[in-house]
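What follows is a single structure, written as structure tokens, with notes after it.
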Amino acid sequence: MDIKSIDLILQNLESDLHKYEFIVSQVHNTDLSSNKEFQKAFNGFFKMRQRSQEFYTLYFSLFESLKTQSPDFSTIIKTLYNETNRVEASFSSKMLATIDPTYPILDKFVLQNFGLKLPYPSAKNRIEKTISVYDDIINRYQSFMGTSECTELLQKFDAQFPNSTISDIKKIDFVLWKLR
């Protein structure tokens, strides 16, 4: 990661950071299945678009039911698949990472920054392979956490946003998400 890029990213992050902090503040303080303000904020922040109302209802009902159960990625992605017949890797990770901010998100920008790819839609054992990719992302985050580059990133983030309460994983998520 280029430190100059990180500085530029951090200069333009405040609005998104406030949106994310609002989302996280609501998870355990509202009924996610019915709170339209939360759903709109979550959908807007994570760019969850072009889904049917049925999908949103299912997604936020599952979100509500799992938020106190310490779910894992496998449980979320398999439950969504069983209900929708779709492998929703990104939205599964975003649900998990919102419930437990010590988990990273999986999206096209994180995959791109790590040089990873999800299995093709026709891949045999697609869900298991997708879970393996997510496990790889977790391992890469853990490896990165011990580097001087990560320490510098976190120090710069904390200097820019000294009152932020988000986890170190989320700080890295923000930078990877914006590093396009």
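The values are calculated or read from the model by the stated rules, or taken from the named source; none is laboratory data. Source: prediction; values computed, not measured. As a convention, Cβ positions derive from the backbone with ideal geometry for all residues, glycine included, and neighbour counts pool all protein chains shown.
Contact annotation: residue pairs with Cβ atoms under 7 Å, 6 or more positions apart or on different chains, pairing a residue in the stretch 159-180 that is more than 14 Å from ASN12 (Cα to Cα) and touching a residue at least 60 places away in the same chain (Cβ under 8 Å) with a partner that is surrounded by fewer than 21 Cβ atoms within 10 Å (Cβ to Cβ) and among the β-branched types (Val, Ile, Thr), are SER167/THR102; ILE169/THR102. Mind checking whether some residue in the stretch 76-90 is on the phi > 0 side of the Ramachandran plot, surrounded by fewer than 17 Cβ atoms within 10 Å (Cβ to Cβ) and either in contact with a Lys or Arg (Cβ under 7 Å, 6 or more places away or on another chain) or in contact (Cβ under 8 Å) with a residue 24 or more places away in the chain (or both)? No, the stretch 76-90 has no match at all. Among the residues of the stretch 111-140, those identified as outside any helix (DSSP H, G or I), touching a residue at least 12 places away in the same chain (Cβ under 8 Å) and not hydrophobic (A, V, I, L, M, F, W, C) are LYS117, PRO119, PRO121. Scanning the stretch 3-61 for residues that are touching a helix residue (DSSP H, G or I) at 6+ places or on another chain (Cβ under 9 Å), touching a residue at least 40 places away in the same chain (Cβ under 8 Å) and among the acidic types (Asp, Glu) gives ASP7, GLU14, ASP16. Condition (residue is more than 15 Å from the chain's Cα centre (by Cα), among the β-branched types (Val, Ile, Thr) and within 21 Å of ASP107 (Cα to Cα)) applied to the stretch 62-79: is it met by at least one residue? The answer is yes; a qualifying residue exists.
Looking across the stretch 43-65, the residues that are modelled with pLDDT of 95 or more and surrounded by 18 or more Cβ atoms within 10 Å (Cβ to Cβ) come down to TYR59, PHE60, LEU62, PHE63. Does the stretch 82-93 contain at least one residue that is within 16 Å of the chain's Cα centre (by Cα) and not in a helix (DSSP H, G or I)? Yes, the stretch 82-93 contains a residue that is within 16 Å of the chain's Cα centre (by Cα) and not in a helix (DSSP H, G or I). Exactly one residue among SER122, SER148 is closer than 19 Å to ILE9 by Cβ, at pLDDT 90 or above, surrounded by fewer than 16 Cβ atoms within 10 Å (Cβ to Cβ) and not acidic (Asp, Glu), and that residue is SER148.
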